[in-house]
Amino acid sequence: MKAIKVGLLGIGTVGSGTFNVLRRNQDVIRGRAGRGIEIAMVADLNIERAREIVGDAAVVVSDARELIANPEIDIVVELIGGYGIAKALVLEAIAAGKHVVTANKALLAVHGTEIFAAAHAKGVIVAFEAAVAGGIPIIKALREGLTANRIEWIAGIINGTTNFILSEMRGKGLDFGVVLKEAQRLGYAEADPTFDIEGVDAAHKATIMSAIAFGIPVQFDKAHVEGITKLQAADIKYAEQLGYRIKLLGIARRRDNGIELRVHPTLIPSQRLIANVEGAMNAVVVQGDAVGTTLYYGKGAGSEPTASAVIADLVDITRLHTADPDHRVPHLAFQPDAMNDTPILAMDDVVTAFYLRLCVADQAGVLSSITTILAENDISIDAVLQRESAEGEKQTDLIILTHDTVEGRMNKALSQMQALPTVLAPIVKLRKEELA
Ligand code: NDP
Ligand code: HSE
């Protein structure tokens with residue numbers, strides 16, 4: 001049978017990986033897909049570099065629209081990134097009746113509803129395994145492997161750049177800026193690395209997973225987003241002393257009153273497998289009511305790991321594109337008429353445990369005034385650690401771990417504690433998840 005023809009929009013880190021892996025493994029890929037998968041055309045702004053990568057194996061153009069207009073092309077792979085031109089090109093490819101594969105989590109988290117509706121109306125597939133957790137087949141697992149389950153929660157290290165930064169800072173004592181540059185050099189970071197370090201990229205991915213897990217629309221604008229830029233070395237150290245590691249987690253959790261969707265640095269017990277995920281590796285824990293806890297681990301960024309997911313989508317489309325659209329796996333796991341509008345909870349309504357660091361005057365009665373405020377707000381303490389002060393020092397650090405409470409209640413208690421004259425600096429608040 002004739003090979004299925006693919007057009008590649010963008011041949012940078014992921015695009016070049018896709019081209020190379022497809023060529024290197026073409027025999028096994030053909031054996032699995034049932035026919036060859038051929039990159040017939042590539043569009044990239046940098047034509048010279050694109051030609052160096054593909055040689056004469058594919059036609060290279062600078063105008064993406066020329067590729068979309070080519071009737072020979074069956075599948076368009078969008079590997080440009082961002083919400084701008086990529087959105088227009090994906091919608092144009094769908095309108096032209098092409099199936100689309102994309103690794104662009106930003107695009108899907110923000111404009112997914114419009115894109116999936118357009119694809120549904122046109123009867124084409126938009127596949128996006130590479131958009132979440134790089135090479136880990138987490139979309140396949142959530143959408144198909146765990147389809148029997150009511151998903152209760154998902155918690156994941158889903159940004160390789162920040163996990164790499166946290167690991168290198170903790171393990172080698174390197175500076176934030178130095179490690180970020182290395183992550184960029186290795187091709188892990190987004191074009192705008194603030195998306196990585198401010199938690200935006202992880203929130204894009206958590207948003208996509210929340211939609212698939214709970215049958216809700218993608219709602220990136222409702223996600224709580226906090227990155228690692230304000231994280232202090234002292235808190236990493238105190239967390240270790242208390243038996244915890246700090247990781248940037250993306251969390252989506254179903255509660256009785258709605259869905260929590262949040263990304264922030266999180267203390268996790270150091271004996272949990274996910275707490276020991278280092279470097280650019282990603283890991284996602286999924287709790288389903290039937291299966292219990294499952295864990296998915298692997299490379300979350302980089303050229304060939306991400307290409308692995310892009311090509312898995314190409315094989316899926318090659319196998320399925322002739323099937324009746326109504327019999328395909330729905331884009332977001334649920335049939336469009338079975339989606340629901342369960343609200344995303346405001347952070348004040350989120351239930352979690354906390355780590356607090358207070359810089360306090362080293363004098364009698366300070367601890368009791370703080371614990372009284374927590375008790376009055378019905379917040380239960382799990383552990384307390386006080387740094388031993390050096391001789392003559394008049395202040396010290398007080399670390400408090402709490403049990404689960406509603407965040408709004410914690411914020412009220414925090415403002416009361418902050419007003420105490422014996423609390424000498426802004427209180428550091430981090431969230432803690434047992435992931436039991
Ligand atoms: P790169 O920046 O390495 O590659 C993007 C390529 O697209 C560049 O070659 C760029 O050319 C080209 N390009 C830009 N605008 C156009 C245009 N209008 N027409 C044609 N080509 C264009 O990005 P990545 O490969 O790292 O990322 C691609 C996508 O994959 C993004 O959505 C990213 O979020 C996602 N992703 C990336 C991962 C990674 O590890 N890198 C992992 C998972 C997902 P030029 O350089 O000349 O601008
Ligand atoms: N910038 C992303 C990361 C790429 O570091 O995880 C993979 O999506």
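The values are calculated or read from the model by the stated rules, or taken from the named source; none is laboratory data. Just so it is clear, the model here is predicted, and its values are computed rather than measured. Counting neighbours? That spans all protein chains shown, and the Cβs are built from the backbone with ideal geometry, glycine included. The accessibility values were calculated without ligands, DNA or RNA, using every heavy atom of the protein model including side chains. Shrake-Rupley method; radii C 1.70, N 1.55, O 1.52, S 1.80 Å.
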Please verify whether the stretch 238-258 includes one or more residues that are in contact with a helix residue (DSSP H, G or I) (Cβ under 9 Å, 6 or more places away or on another chain) and part of a helix (DSSP H, G or I). yes
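For the stretch 1-113, give me every one of the helices (runs of 4 or more DSSP H) that falls completely inside it and has 1 or more residues that are more than 14 Å from ligand 1 (Cβ to nearest atom) and of a type in the set (D, E).
Numbers: elements: 13-24, 26-33, 47-54, 64-68, 85-95.
Of the helices (runs of 4 or more DSSP H) lying wholly inside the stretch 1-113, those with at least 1 residues that are more than 14 Å from ligand 1 (Cβ to nearest atom) and of a type in the set (D, E) span 26-33.
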Starting from residues that are more than 14 Å from A361 (Cβ to Cβ) and open to solvent by 40 Å² or more (accessible area, probe 1.4 Å), keep the ones in the stretch 393-417 and report whichever is farthest from the chain's Cα centre (by Cα). Q416
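Residue-by-condition table, conditions (1) touching a residue at least 40 places away in the same chain (Cβ under 8 Å); (2) open to solvent by less than 40 Å² (accessible area, probe 1.4 Å); (3) farther than 30 Å from E114 by Cα:
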position	(1), (2), (3)
D256	no, no, no
H264	yes, yes, no
I268	yes, yes, yes
N276	no, no, yes
D316	yes, yes, no
H327	no, no, no
P336	yes, no, no
Given the residues I274, I311, which is the only one that is assigned to a helix (DSSP H, G or I) and within 16 Å of ligand 1 (Cβ to nearest atom)? I311
Residue count, the stretch 198-215, condition open to solvent by less than 20 Å² (accessible area, probe 1.4 Å) and more than 9 Å from ligand 2 (Cβ to nearest atom), comes to 12
Exactly one condition in (1) out of contact with any strand residue (DSSP E or B) (no Cβ under 9 Å at 6 or more places or on another chain); (2) assigned to a loop (DSSP other than H, G, I, E, B); (3) free of Cβ contacts under 8 Å to residues at least 60 places away in the same chain is not met by D341; state its number. (3)
Considering only the stretch 126-178, state which residues are in a loop (DSSP other than H, G, I, E, B), away from ligand 1 (no atom under 16 Å from the Cβ) and of a type outside the set (S, T, N, Q). L146, A148, R150, G173, L174, D175
Looking at the stretch 94-144 only, could you name the residues that are buried (at least 24 other Cβ atoms within 10 Å of the Cβ), in contact with a Pro (Cβ under 7 Å, 6 or more places away or on another chain) and at pLDDT 95 or above? E129
Determine which member of the set A118, A95, A88 is free of Cβ contacts under 8 Å to residues at least 12 places away in the same chain and farther than 25 Å from A283 by Cα. A88
